[in-house]
Amino acid sequence: MGFRIDAVRAKFPALSLTDKGRQRIYLDNPAGTQVPQSVADAVSRCLLTTNANLGGFFETTIAAQDIVDEAHLAMADFLGAASPQEIIIGANMTTLTYHMSRTLGRTMKPGDEIILTRMDHEGNVSPWLQLAEDLGLVVRWCLSTSRAGRSRRRRSPRCFPRGRGSSRSTTPAISPGRSTG
């Protein structure tokens, strides 16, 4: 049995929207622009029945904590983590990247280098550019180049002419894929 793309598309309400009778085309919409109906239902259910601050001792906050705990457990299972405590769930990927950049920035000194790539989403690049500006760091850009004999779709990063950085280089924004949030 082949992959049934129509069955998958049917789960995403936004993919059935039209403008003046023409089906919409979504090219690159980060932050979960199109979500399956099951996600919309779960978010709605959470907002309507368990929307409370965590850490309290009343029914709604206990139910909210249960949802958070279940999410950590599901992600730990999905990612193969040793425990749910290894999973951090934040507001969105950009916010998490800002927190990570500021945390790692505590170990950096003026003149240290950050290697970035234009292949990354803006939400993964901006936090590092702002950190570099704030701390006087050097930004080096890793360019994407085609390799002879390979499909033009397959690109490999070429960051330095001799394939190496300096002892002051770190590569926070090279990611193997797109962020999901």
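The values are calculated or read from the model by the stated rules, or taken from the named source; none is laboratory data. Computed from a predicted structure; not experimentally measured. Don't worry about glycine lacking a Cβ; one is built from the backbone with ideal geometry, like all the others, and counts go over all protein chains shown. The protein model used for the area step is the full one, side chains on, heavy atoms only, and it has no ligands, DNA or RNA in it. Shrake-Rupley method; radii C 1.70, N 1.55, O 1.52, S 1.80 Å.
Data overview
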read-out: Residue list for region 72-125, filter: over 16 Å from the mean Cα position of the chain (by Cα) and basic (K, R); value: R102, R106, K109
read-out: Exclusive hit being touching a Gly at 6+ places or on another chain (Cβ under 8 Å), modelled with pLDDT under 95, closer than 14 Å to A14 by Cβ and among the hydrophobic types (A, V, I, L, M, F, W, C), set A31, A40; value: A31
read-out: Residues satisfying the stated conditions in region 118-155, i.e. among the basic types (K, R) and modelled with pLDDT under 85; value: R118, R147, R150, R152, R153, R154, R155
read-out: Only one of A64, A52 that is part of a loop (DSSP other than H, G, I, E, B), over 20 Å from the mean Cα position of the chain (by Cα) and surrounded by 12 or more Cβ atoms within 10 Å (Cβ to Cβ); value: A52
read-out: Residue match in region 18-37 (condition: surrounded by 11 or more Cβ atoms within 10 Å (Cβ to Cβ), under 29 Å from W141 (Cα atoms) and over 15 Å from the mean Cα position of the chain (by Cα)); value: yes
read-out: Flag if T117 is touching a strand residue (DSSP E or B) at 6+ places or on another chain (Cβ under 9 Å) and surrounded by 13 or more Cβ atoms within 10 Å (Cβ to Cβ); value: yes
read-out: Single unsatisfied condition, M100 versus (1) assigned to a helix (DSSP H, G or I); (2) open to solvent by 80 Å² or more (accessible area, probe 1.4 Å); (3) over 29 Å from S126 (Cα atoms); value: (3)
read-out: Subset tally (residues that are touching a helix residue (DSSP H, G or I) at 6+ places or on another chain (Cβ under 6 Å), closer than 30 Å to E70 by Cα and among the small types (G, A, S)) for region 88-122; value: 2
read-out: Where a residue in region 103-131 is in contact (Cβ under 8 Å) with a residue 60 or more places away in the chain and within 24 Å of L27 (Cβ to Cβ) and its partner, wherever it lies, is surrounded by fewer than 17 Cβ atoms within 10 Å (Cβ to Cβ) and of a type in the set (S, T, Y), with Cβ under 7 Å and at least six apart; value: H121/S179; G123/S179
read-out: Residues (touching a residue at least 24 places away in the same chain (Cβ under 8 Å), part of a helix (DSSP H, G or I) and either open to solvent by less than 70 Å² (accessible area, probe 1.4 Å) or of a type in the set (V, I, T) (or both)) located in region 74-95; value: T94
